[in-house]
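Each reported figure results from applying straightforward, stated rules to the coordinates on display, with no laboratory input. The structure displayed is predicted, hence computed values, not measured ones. Cβ coordinates were reconstructed from backbone atoms using ideal geometry, including for glycine residues, and neighbour counts include every protein chain displayed.
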Amino acid sequence: MTPNIDPIIHIDEELCTGCRRCAAVCPVDAIIGEAGTPQRIDAHRCVVCGQCVQTCAAYAAESDPSLTSRAEKLRQRGQLSSVREPLFAAYSTGHAIELKEALADPKRYKVVQCAPVIRVSLAEEFGLPLGTLTPGKMAAALRLLNFDRVYDTNFGADVTIMEEGSELIGRVMSGERLPMFTSCCPAWVKHAETAAPHVLDHLSSCKSPMQMVGALVKTYSAELDGIAPADILSVAVMPCTCKKFEAGREEMNVDGLREVDMVITTRELAQLIKDKGIDFINLPDEPFDSPLGKYSGAGTIFGATGGVMEAAIRTGYELVTHESIPNLQLDFIRGDEGIRTATVQIGDLELKVAMVAGLKYVSSILEQVAGGTCPYHFIEVMACPEGCVSGGGQPKLLLETQRKSAYQARKSSIYRHDSNQKVRKSHENPAIIKLYKDFLGEPLGHTSHHLLHTKFFSRKVKGELK
Amino acid sequence: MKKERPNSFVIAEAGKCIGCKACELACFAVHNRDNGVAAAVGTVTTPVIPRLYVIRTDSFTMPVQCRHCENAPCAGVCPVQAIQQEEGAITIDEDRCIGCKACAMACPFGAISLYKAYSSGQEHKQPHLRERLDGHLERKTRVIAYKCDLCHDIVSDGNTASGEIAAAGRVTDISKGDMTVGPVPACVSVCPEQALTLVSPSLGASRSRKAAGLRL
């Protein structure tokens, strides 16, 4: 499968009314055009976050005979012909058609992983209340779609904590390359590469949980299942349009094979389920497959802003102090859009952390880093307003007035899911312990470096706007 | 004599409207709960049929909708009395509508449109009238008149799909001469530019006199 070079986020000129609400939500000023005329996207600046896709209300009216046919528009957008929802001017390239074909191929071993927040938003596409939690129905639906293995990005989130937490501790002890930024949000990574290459050394070298699972699917799990890695189709269901871009990055391969062959969004998964005529609401719950489907509460909360930080502190505290963390629910870290900061006492260390939600808020921190005045050790950056719960591939709301309550409902559902888990710390997840014992050895070890870490490259060009 | 209050209506300020069509989408969303429309776009299985329309000219854009005329000409020409005065609004009984288009022709604002009728997310077929499709006779889909009903029955019930419609819009009560915020039609509550206003005039008061007073 070839890396995806499509710009992924598009504005349909035929439908765009030039209202520029997309430009207002774009955190990187990548939408260009005069008011009242169709807009276009500067693909270089665009971080593929898809917030414009979420905001756009300019839809194709049935009554407009001047428009290209719906069937043709669906085809251009890579969307299944069975999709019935209205088509909007801003959209992301779909991969459901390709996936539907690949799922029908008996020669391929089809493996899927789902991001933490798919289970708290997928049901909205079937009319259930905002934030309804349905991990069991989701796993069942994926099996009915013909996946051979149903795995979980949450597992990858737990691996990320092991690797990133160890990396942070190492950097704090040595005082090197601080602050350390998270690297799991691909839109943030693309923005850093494009607009602030001076901070690239400060990014954690960890791949995102999605890519980590992808790498482990074609190595560890392939070995366990006795499947040739080249026969595996590795699919990810993501709340994020930029994950399509991330999966296509050239360096995201394991021994020449793509780690993630195909990414679909929450909305596209719902469309595939409907296309197959599956009665999602009445599906009986099914578990995820082992071992890459076992996760802790810490892995689950990655989907909300501050989640990576909270998960990292749960594990980091115990790795440093060798004591049990007194309180698992770190409320001071939870919140929404903007910058939140906190100081966490870990043994003798006063760890200063910051959480950025909404890419437009990151510039002040980038300036501090450039000026050498940044006071934080660890900074989580999520491009979308409230983290992945508000991602560009999540169910799109018909009413703007429901946006806040939707994000709130999805977030509380995630936190509820965490608090109901028996294991709530990544390093206590038995499947993670086994992964390190049998396969990876230790965090930041040789195999980890080969499979789970990466490098970032400046994308800065002279003259900025093309 | 009982003191009557004229019908309220929603009006847009062309200078503020950016033409985003969020009002059309919201209008459709709240009127189609019976067609399975919930919070997410993915629950929509029918064409988007709003009850107001964003119009564009070279110099401005704004939504146009029913003015809820006191002596509604649409009601006067409806041969089956499907158009009624109801709780401060002019409404169409869509079950009764025969799709004759008389109301659409009588409306001085172009606020009435005719489209297919849907129920439970499917085209609503007629019991008797048939048309030839692909070589065989099929029951014809009903076509009915749609127009703004000021979200009556909807705002008071709240949004049953998942939460309520936030009252983000403005309500202008000219009779009281103040701006109050309360339940408003969906289009008013979602407009990102607050270009839409629910106007509740009072009988006999001079609109221009009051408006001039408010500006002082």
Taking every DSSP bridge whose two residues both lie in the protein assembly as shown, the antiparallel percent to the nearest 5 is 60
What fraction of the DSSP beta bridges in segment B:9-200 is antiparallel, stated in percent and rounded to the nearest 5?
85
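Taking R0 as 35 Å, what's the FRET efficiency between A:Glu176 and A:Ala228 from their Cβ-Cβ distance, rounded to 0.05?
Working: r = 40 Å, r/R0 = 1.15.
Calculated value: 0.30.
What ranking do A:Leu122, B:Leu216, A:Leu366 get, fewest neighbouring Cβ atoms within 10 angstrom at the top? Intermediate values should be presented prior to the final figure.
Values: A:Leu122 30, B:Leu216 4, A:Leu366 20.
In increasing order of surrounding Cβ atoms, one gets B:Leu216, A:Leu366, A:Leu122.
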For segment A:283-294, what does the Karplus curve 6.51 cos²θ - 1.76 cosθ + 1.60, with θ = phi - 60°, yield as ³J(HN,Hα) per residue in whole Hz, taken in order and with x for Gly and Pro?
5, x, 5, 10, x, 6, 7, 9, x, 7, x, 9
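Could you list A:Asp285, A:Asp6 in order of exposure, starting from the residue whose Cβ has the fewest other Cβ atoms within 10 Å? It would help to have the intermediate numbers written out before the result.
Working: A:Asp285 11, A:Asp6 14.
Lowest count first: A:Asp285, A:Asp6.
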DSSP loop trypsin sites (Lys or Arg not before Pro) in segment B:67-138 with at most 15 other Cβ atoms within 10 Å of their Cβ, which ones?
B:Arg96, B:Lys101
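Report the GluC sites (Glu not before Pro) located in segment A:159-266 that are in a DSSP loop and have at most 12 other Cβ atoms inside 10 Å of their Cβ, or state none. Before the final figure, lay out each step's value.
Details: sites: A:Glu163, A:Glu164, A:Glu167, A:Glu176, A:Glu193, A:Glu223, A:Glu246, A:Glu250, A:Glu251, A:Glu259; in loops: A:Glu176, A:Glu250, A:Glu251, A:Glu259.
Loop-located and lightly packed - A:Glu176, A:Glu250, A:Glu251.
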Mind checking the full-extension length gain between B:Ser119 and B:Asp58? Use 0.36 nm per residue of separation minus the Cα-Cα distance, one decimal, nm.
18.2 nm
Amide H proximity to B:Ala145 below 5 Å, modelled H, separation 5+ or other chain, gives B:Gly99
Counting only Cα, what are the radius of gyration and maximum Cα-Cα distance Dmax of segment A:154-305, in Å?
17.1, 56
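What is the mean number of Cβ atoms from other protein chains located within 10 Å of the Cβ atom of each residue in peptide A:400-409, rounded to a whole number?
Working: counts 10, 13, 12, 2, 2, 6, 4, 0, 1, 3.
Counting Cβ atoms of other protein chains within 10 Å of each residue's Cβ and averaging gives 5.
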Run a plain Debye calculation on chain A (Cα atoms as equal point scatterers, no solvent) and give log10 I(q)/I(0) at q = 0.07, 0.09, 0.13 Å⁻¹, rounded to two decimals, same order as the q list.
-0.32, -0.54, -1.20
From the C-alpha gyration tensor of segment A:57-164, pull out the three semi-axes of the equivalent ellipsoid (sqrt of 5λ each), sorted largest to smallest, in whole Å.
31, 19, 14
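Treat the count of other C-beta atoms within 10 Å as a stand-in for reagent exposure and order A:Met262, A:Met212 from fewest to most. The partial results should precede the final answer.
Details: A:Met262 21, A:Met212 28.
Least to most surrounded, the residues fall as A:Met262, A:Met212.
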Amide H within-cut-off set for A:Gly387, under 5 Å, with H built and near neighbours excluded:
A:Thr305, A:Gly358
What does the convex hull of the Cα atoms of segment B:9-200 come to per residue, in Å³, rounded to a whole number?
145
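In peptide A:51-64, what is the residue-averaged number of other protein chain Cβ atoms found within 10 Å of each Cβ? Mind showing how you got there, number by number?
On the way: counts 0, 0, 0, 1, 3, 4, 11, 7, 9, 2, 8, 6, 6, 0.
Average per residue, whole number: 4.
Helix-derived [θ] at 222 nm for the protein assembly as shown: sum -39500 (n - 2.57) over DSSP H runs of at least 4, divide by residue count, nearest 500? Show your work: numbers first, answer last.
Working: 22 runs with 190 residues, N = 682.
It lands at -7500 deg cm²/dmol.
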